[in-house]
Amino acid sequence: MKAHDGLYIDGAWRPAASTDEIEVVDPADERIIATVPAGGAADVDTAVRAARAALPAWAATPPAERAARLAALRDALAAREEEIAETVTAELGSPLPFSRAVHAAVPLAVAGSYAELAATHSFEEKVGNSTVLHEPIGVVGAITPWNYPLHQIVAKVAPALAAGCTVVLKPAEDTPLTAQLFAEAVHEAGVPAGVFNLVTGLGPVAGQALAEHPGVDLVSFTGSTAVGRRIGAVAGGAVKKVALELGGKSANVILPSADLARAVNVGVANVMSNSGQTCSAWTRMLVHRDQYDEAVELAAAAAAKYGDRIGPVVSAGQRARVRGYIEKGVAEGARLVAGGPGSARETGYFVEPTVLADVTPEMTVAQEEIFGPVLTVLRYEDEEDALRIANGTVYGLAGAVWAADEAEAVAFARRMDTGQVDINGGRFNPLAPFGGYKQSGVGRELGAHGLAEYLQTKSLQF
């Protein structure tokens, strides 16, 4: 697997200050497929200084020209689409068809949307006797996760560049090769030197240095709630803006009037997608008591079909974490109806598609994010009970509601404490704002709302 042996800073690949390296492992067979530099605080400082030096000229670049660079970036990514898919498969373990359809294709749509927004968005407006300006916030420190390596990069970098900001990216150490491909595309697109910079490294070292750096004006982070809290505390001490997309424990509420078989099958597919490594996955299926037993049977049968269709989880540590949650669920009284903590495969970080029934709201598996192919099925007594359970976690990232009458589903969705709700299997919309309530985060990504995160407001009175 191809890898650069340097960091992309100020428009060129250059050696890291340290000789430390990160080994990239294929989670399907546990082979080391590449090494990349483990950048540290000195490298982050160099990258931030390059971004700050490039900021005035890029911020002053007309939006139409920034749009042209983003359109060129989208085209450069499209030219690498198959290579991106193969790289994600190698370092994340995602099956190649899923890597093509989601990991490679969706970021193209997002990049294209920001090319259009950069050209059409109004960066100033009249409000009474004032002209209100929407200006770039400055240097952005982007820290991205491994579960959707290219999508999460594009969802941060594209709006930042559209806004006129400059960026230093610290990608997840498990999936740095996809980030290197992105940097290649940025370079090919003609984005000026210093506007985008890439530092591969470990979270506690490079990530912390980026979050703490006084030259960074905004930290955009996607990852665990625990790390998000630490970043928020660091940024708060410096009165620095943060955008945090954190954990989830989303509820899939199946109301009694819904098509039960369809709702269950789509719900299982949602949880198993990307081997369950999706922060917005509907990991809690809520079913009325009169339909509960049938739903459990349907869910178990559906999950069994995914045994050879999903890839491994990303690492040995993640596999141990997921298996530990399954064991804890059973120990607390959940009933294992599909899958389990074991695996028939001797090699690779595989976890069997798992369904836990008889889960109650207070159980650990109903409260904490597992981040693996594990579905919990809970019963409710009536609609108010379903709402109480759905809203009964510290998270509020996503969710789903199913009902024969769309208006009934919408009425329930309006009462859910969550940032995004799919009605009867609604399709993903790359222009709709994505982000969480409560401890699922602060701020929004995608579309015009995502662009707004990278802008600050100035008013001129006349």
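Which three extents, in whole angstrom, do the alpha-carbon atoms of the stretch 182-301 cover along their principal axes, largest first?
59, 38, 24 Å, listed from the longest principal axis down.
In debye, nearest 20, what is the charge dipole magnitude of the stretch 20-72 about its Cα centre with +1 on Lys and Arg Cβ and -1 on Asp and Glu Cβ, if you could check?
Approximately 620 debye in magnitude.
Search the structure for amide H atoms under 5 Å from the amide H of Tyr380, placed 1.01 Å from N in the peptide plane, and list their residues when 5 or more places away or on another chain.
Under 5 Å from the amide H of Tyr380: Val287, His288, Arg289.
From the gyration tensor of the Cα coordinates in the stretch 374-462, what semi-axes in whole Å does the equivalent ellipsoid have, largest first, with each one equal to sqrt(5λ)?
Working through the eigenvalues yields semi-axes of 31, 15, 13 Å.
Along the Cα→Cβ direction, 7 angstrom out, place labels at Arg427 and Ala238. What is the inter-label distance in nm?
Computed distance between label sites Arg427 and Ala238 equals 4.2 nm.
With label points built 7 Å along Cα→Cβ from the Cα atoms of Thr131 and Ala101, find their separation and express it in nm.
Each label point lies 7 Å from its Cα, and together they span 5.0 nm.
Charges on Cβ only, +1 for Lys and Arg, -1 for Asp and Glu, centred on the Cα centroid of the chain; of Ile326, Phe428, Ala115, which one is farthest towards the dipole's positive end?
Value: Ala115.
Please give the FRET efficiency for Leu460 paired with Glu30, using the beta carbon to beta carbon distance and R0 = 56 Å, rounded to the nearest 0.05.
The computed FRET efficiency comes out at 0.40.
Taking 25 Å as R0, compute the FRET efficiency from the Cβ-Cβ separation of Ala60 and Ser122 and round it to 0.05.
According to the calculation, E is roughly 0.90.
Let me make sure I get this right: for the stretch 26-125, a, b and c are the square roots of the gyration tensor eigenvalues over alpha carbons, sorted descending. Under 1.5 in a/c it's rounded, otherwise prolate if a/b > b/c, else oblate. Which is it?
The shape class here is oblate.
Any idea what Rg and Dmax come out to for the chain if you just take the C-alpha atoms, in Å?
Rg and Dmax of the chain, Cα atoms, are 22.2, 73 Å.
Return the lysines within reach of Lys126: Cα separation strictly under 18 angstrom, same-chain partners fewer than 8 residues apart disregarded; answer none if there are no such residues.
The reachable lysines, counting only those whose Cα sits under 18 Å from Lys126, are Lys458.
Run down the lysines and flag those whose C-alpha is under 19 Å from the C-alpha of Lys249, throwing out any fewer than 8 positions away in its chain.
The reachable lysines, counting only those whose Cα sits under 19 Å from Lys249, are Lys328, Lys438.
Under the rule a/c < 1.5 gives rounded, and otherwise a/b versus b/c splits prolate from oblate, where does the stretch 134-221 land using the Cα gyration tensor?
Oblate, because a/c is 1.5 or more while a/b does not exceed b/c.
Just tell me which lysines come within less than 18 Å, Cα to Cα, of Lys156; anything on the same chain fewer than 8 places away is out.
Lys170, Lys240, Lys241
Full extension from Lys305 to Ser343: what is 0.36 nm times the residue separation minus their Cα-Cα distance, to one decimal in nm?
12.2 nm
Which value, in debye to the nearest 20, gives the size of the charge dipole of the chain about its Cα centre, when Lys and Arg are +1 and Asp and Glu are -1 at the Cβ?
Charge dipole of the chain: 880 debye, to the nearest 20.
Considering the dipole of the chain built from charges on the beta carbon (Lys and Arg +1, Asp and Glu -1) around the Cα centre, which of Gly93, Ala41, Asn252 is farthest to its positive end?
Working it through, the farthest residue towards the positive pole turns out to be Ala41.
Whole Å is fine, so just give me how far the alpha carbon centre of the stretch 368-419 lies from that of the stretch 176-232.
Here the answer is 33 Å between Cα centres.
Pop the C-beta distance of Lys328 and Glu188 into the FRET formula with R0 = 51 Å and round what comes out to the nearest 0.05.
Taking R0 as 51 Å, the efficiency between Lys328 and Glu188 is 0.60.
Can you grab the distance from the C-alpha centre of the stretch 117-160 to the C-alpha centre of the stretch 1-80, Å, no decimals?
What the calculation gives is 19 Å, centre to centre.
Give, rounded to the nearest 20 debye, the magnitude of the charge dipole that the stretch 352-462 has about its Cα centre when Lys and Arg contribute +1 at Cβ and Asp and Glu contribute -1 at Cβ.
With Lys and Arg at +1 and Asp and Glu at -1, about 700 debye.
Probe of 1.4 angstrom, ligands and nucleic acids ignored: what's the accessible area per residue over the chain, in square angstrom?
Each residue of the chain exposes 38 Å² on average to a 1.4 Å probe.
If you wrap the stretch 293-449's Cα atoms in a convex hull and average its projection over all directions, what's the area in nm²?
With the hull built on Cα positions only, its mean projection is 10.5 nm².
The values are calculated or read from the model by the stated rules, or taken from the named source; none is laboratory data. Since the model is a prediction, treat every value here as computed from it, not as a measurement. Cβ sites come from the backbone with ideal geometry, for glycine too, and all protein chains shown count toward neighbours. Quick note on the areas: whole protein, heavy atoms, side chains included, nothing else; ligands and nucleic acids left out. Shrake-Rupley method; radii C 1.70, N 1.55, O 1.52, S 1.80 Å.
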